[in-house]
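To start, the structure itself, in structure tokens.
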Amino acid sequence: MFKRLFKSSKTHKLPGLEYKTLDWEFAQNESHEFTHIWQDKSSPARIFFQFIGSKPEIPTIKDVNQLRSLTREYLKQNHGSIIKVEIGKIQEVNVVEKILKFPMDPVGMIYLGSIVIPYQNCSYKLIVQCQEYEVFDK
């Protein structure tokens, strides 16, 4: 099963990182050297993969309460809400994991899930954006 699943995977590069993708479309016109954008062919979902070549703008990777508080302040200005803000680990590297939601006009929500992998002088950010495109009344 895995051979079939990954048979169509392709290798892509960001500075200092090589990664594989499956059957999503590369948004060539919106992507550039430091940001790759992928679109699902059958839904409005998108994936953003970024290399940020400067010191991370994360004030702390040790205090989850401070991260949540700062995220709430940002979201107040943008009418969003927190679903999850956590500090996790990927292969012994501390990461920030977030799931946020933002209301759309006139109805529905946009959901953003992100993982930030901060290093001393750079970071990588993976963002998955999904939106409700049909809302049903029961």
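Each reported figure results from applying straightforward, stated rules to the coordinates on display, with no laboratory input. Worth saying up front: this structure is predicted, and the values here are computed from it rather than measured.
Table for the structure above
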item: 3J(HN,Hα) from dihedral phi, the stretch 95-104, Karplus parametrisation 6.51/-1.76/1.60, rounded to Hz, x for glycine, proline; result: 9, 10, 10, 9, 10, 10, 9, 9, x, 9
item: For Met109, residues with placed amide H under 5 Å, excluding near neighbours; result: Met104, Glu132
item: Sum of -39500 (n - 2.57) over DSSP H runs of 4+, divided by residues of the chain (222 nm, nearest 500); result: -4500 deg cm²/dmol
item: GNM flexibility winner over the chain from Glu86, Glu97, Glu33 (Cα, springs under 10 Å); result: Glu33
item: Selected from Thr11, Thr71, Thr35 as most flexible by GNM, with the chain as the system and alpha-carbon contacts under 10 Å; result: Thr11
item: Relative contact order computed over the chain (Cα-Cα under 8 Å; 6+ residues apart), in percent; result: 19 percent
item: Shape of the chain, Cα gyration tensor, a/c cut at 1.5; result: oblate
